[in-house]
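Heads up, the thing below is written out as C-alpha cells.
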Amino acid sequence: MPNKGFVCPRCLERFYVPYWQDSAGQRVQPPAPRRSAWQRLTTPLRVPEQPGSALSTEFSAAMGDARKLTAVCPRGHGLPPDYLRRPTVVVGVIGLTGASKSTYLTVLLDLLYAGALAPLDISVEMDEESADRFEVDYRQPLVVDRRQLPLTPLLLEEGQSPEPLTVVFRRSSRGAPEKSMNVVFFDASGEQLYRKEDLGRFGKFLYVASAVVVVLSPGVFPGLASTADPGEASIGLARPTQMLVNLADVLRTARGLKKDAYLADVSASVILSKADKLRSRPDFPADALRDAELSLAVLPQLFEEVRVNSGRLVDFLENNGGSNLLTTLLGRLPDPTVHAVSATGSEPEDGRYPAITPCGVLDPLLVLLARHRFIPREGLELEQALAEWPQP
Ligand SMILES: Nc1nc2c(ncn2[C@@H]2O[C@H](COP(=O)(O)OP(=O)(O)OP(=O)(O)O)[C@@H](O)[C@H]2O)c(=O)[nH]1
Ligand SMILES: [Mg+2]
Ligand SMILES: [Zn+2]
C-alpha cells in the first residue's frame with residue numbers, strides 16, 4: 001500500500017513525517033516509540049531497578065518530557081493528542097452557496113455530540129480547537145438561538161484554510177479492541193469550484209478528501225422552483241452540474257487516475273437538502289425523509305432502505321428536470337447514495353427557526369462510516385447485493 005502520510009486537520013496539508021515541539025515551542029527530536037502491548041506485559045515481571053539509580057531517573061525524566069511533546073505539521077499546527085495513531089478520513093462538504101452545508105454540518109455534529117450513535121456503541125469527541133469554534137460560530141447561533149447562519153466567507157487567497165472541524169469516532173465492541181478514527185470535515189464552497197480558474201486555487205483541499213458529501217438544494221431543480229430560497233431559482237442546473245464535473249476531475253487527478261477511472265477509495269453521498277419543503281408535494285417519496293431507529297442488528301436493513309430510497313429520490317429529481325445533473329452525478333462519483341435531509345425541520349421566519357427538528361441527518365454519515373469500514377457494510381454495497389442473488 002502506498003504511504004499516504006498524514007493530513008493536518010488545520011491547514012489540510014499532506015505530510016509524511018511529523019515534527020515535534022516541546023512546551024516552549026522548540027523543535028525537538030521525536031519521542032521514543034511507545035512500548036508494545038507485549039513489552040507492557042513483560043516489564044512488570046522484570047526485577048525492579050534500584051530506587052534512585054541513574055537509569056530510572058533518566059527514564060522518568062524522558063517520560064516526563066515526552067508527555068509535554070506535541071506533534072506538529074510542517075507549518076507548525078499542533079495536532080490533537082494521538083491524532084497520528086488513528087486513520088483519518090477527510091470529508092469535503094460540497095455545494096453551492098445557500099445549499100445548507102453549514103446548517104447540515106452544525107446539526108449533524110450537534111446530534112453526534114448528543115450521543116446519536118450510542119446505539120451503535122460509537123462515541124464522538126471533538127478536538128479542543130474545533131470545539132471552541134464550533135460552539136461560537138455554529139452551535140450557539142443555530143441550535144441555541146435558532147438563528148439562520150450567516151453565509152460562510154469564501155476563501156480569499158490561495159493557501160487560506162477552510163478551517164475544518166475535527167472529530168474523533170470511537171467504537172467499542174465486546175471482545176474486540178476499540179476502533180477509532182479521525183474525521184475531518186470541511187466546507188468547500190461550490191462557488192469556488194464551478195469555474196476552472198478558481199478550482200486550481202481553491203480546489204486543492206479536495207486533493208486530500210477521501211469522502212465527499214454533496215449538498216443540493218431542491219430550489220435549483222426546474223420542477224421544484226417553488227421551494228427556491230431567494231436567488232436560488234436563477235442559479236439553474238448548469239452551475240451545480242459543472243461543479244460536479246470539476247469535483248470528479250479533481251478527485252481523479254489527486255489520485256493520478258484517468259477521467260473515467262473508478263474512484264475506489266472515495267465515498268460519496270448526496271444530500272437533497274431542505275426536504276421539509278418537499279413534504280407536501282404529491283410526487284415526493286415522503287417516507288424517504290425519516291429517521292430510522294438505530295441498532296447494530298437493524299443496520300443491514302437500514303442500508304437496504306437507504307439504497308431503495310436513493311433510487312426513488314433519483315427518479316423524483318429526474319422527473320423534476322434533473323436528469324442531466326443526475327447522470328453526471330451517478331456516472332462520475334463512485335456509487336453515490338442520495339438522501340433526503342432536513343437539517344432544521346422547518347423554514348426560518350424573519351431569520352429564526354421556530355424549532356430545530358432535524359430529520360434524515362444521520363444516514364449520509366452512516367454510509368460514510370460503513371464505506372470507510374468503521375461499521376459493517378452489509379446491505380449497502382451494490383456488488384455485495386448482486387453477489388448474494390442466486391446465480392441462474
Ligand atoms: N427549510 C429549510 N431551510 C434550510 C435548511 N437548511 C438551510 N436552509 C436555508 O438555507 C439557508 C442557507 O443555509 P447555509 O447552511 O448557510 O448554506 P451554505 O451551503 O453553508 O451556504 P454558503 O455558506 O453560502 O456556502 C439557511 O439560511 C436557510 O434559510 C433546512 O433544513 N430547511
Ligand atoms: Mg456555509
Ligand atoms: Zn497544518
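The values are calculated or read from the model by the stated rules, or taken from the named source; none is laboratory data. Computed from a prediction, not measured in an experiment: that's the story for all the values here. No Cβ is skipped: glycine too gets one built from the backbone with ideal geometry, and neighbour counts run over all protein chains shown.
Quick one: in the range 72-92, which of the residues that are outside any loop (DSSP other than H, G, I, E, B) and touching an Asp or Glu at 6+ places or on another chain (Cβ under 9 Å) is nearest to ligand 2 (Cβ to nearest atom)?
Gly92
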Any residue in the range 331-346 that's in the same structural domain as Thr241 (by TED's automatic domain parsing): show its pairings with residues that are at pLDDT 95 or above and among the acidic types (Asp, Glu) at Cβ separation under 6 Å, as long as the two are six or more apart or on different chains.
His339/Asp363; Ser342/Asp276; Gly345/Asp276; Ser346/Asp276
From the list Pro177, Pro150, Pro119, Pro162, which residue is in a loop (DSSP other than H, G, I, E, B) and either more than 15 Å from ligand 2 (Cβ to nearest atom) or without any contact (Cβ under 8 Å) to a residue 40 or more places away in the chain (or both)?
Pro150
If I ask for residues that are of a type in the set (Gly, Ala, Ser) and surrounded by fewer than 24 Cβ atoms within 10 Å (Cβ to Cβ), which ones from the range 204-217 would you list?
Ser210
Of (1) away from ligand 2 (no atom under 16 Å from the Cβ); (2) under 25 Å from Gly190 (Cα atoms); (3) assigned to a loop (DSSP other than H, G, I, E, B), Thr97 satisfies all except one. Which?
(1)
Can you tell me which residue among Val308, Val250 is assigned to a helix (DSSP H, G or I), within 25 Å of the chain's Cα centre (by Cα) and surrounded by fewer than 14 Cβ atoms within 10 Å (Cβ to Cβ)?
Val308
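If the requirement is being within 16 Å of ligand 2 (Cβ to nearest atom), outside any loop (DSSP other than H, G, I, E, B) and in contact with a Lys or Arg (Cβ under 6 Å, 6 or more places away or on another chain), which of these qualifies: Val143, Val215?
Working: Val143 fails: in contact with a Lys or Arg (Cβ under 6 Å, 6 or more places away or on another chain).
Of the residues listed, the single one that is within 16 Å of ligand 2 (Cβ to nearest atom), outside any loop (DSSP other than H, G, I, E, B) and in contact with a Lys or Arg (Cβ under 6 Å, 6 or more places away or on another chain) is Val215.
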In the range 258-295, what residues are in a loop (DSSP other than H, G, I, E, B) and surrounded by 14 or more Cβ atoms within 10 Å (Cβ to Cβ)?
Leu263, Val266, Ser273, Lys274, Arg281, Phe284, Pro285, Leu289, Ala292, Leu294
With in the same structural domain as Leu120 (by TED's automatic domain parsing) and over 21 Å from Pro334 (Cα atoms) as the only criterion, which of Ala176, Ala248 stands out?
Ala176
Considering the range 140-158 alone, what residues qualify as being surrounded by 14 or more Cβ atoms within 10 Å (Cβ to Cβ), over 17 Å from Gly203 (Cβ atoms) and within 11 Å of ligand 1 (Cβ to nearest atom)?
Pro141, Leu142, Arg147, Gln148, Leu149
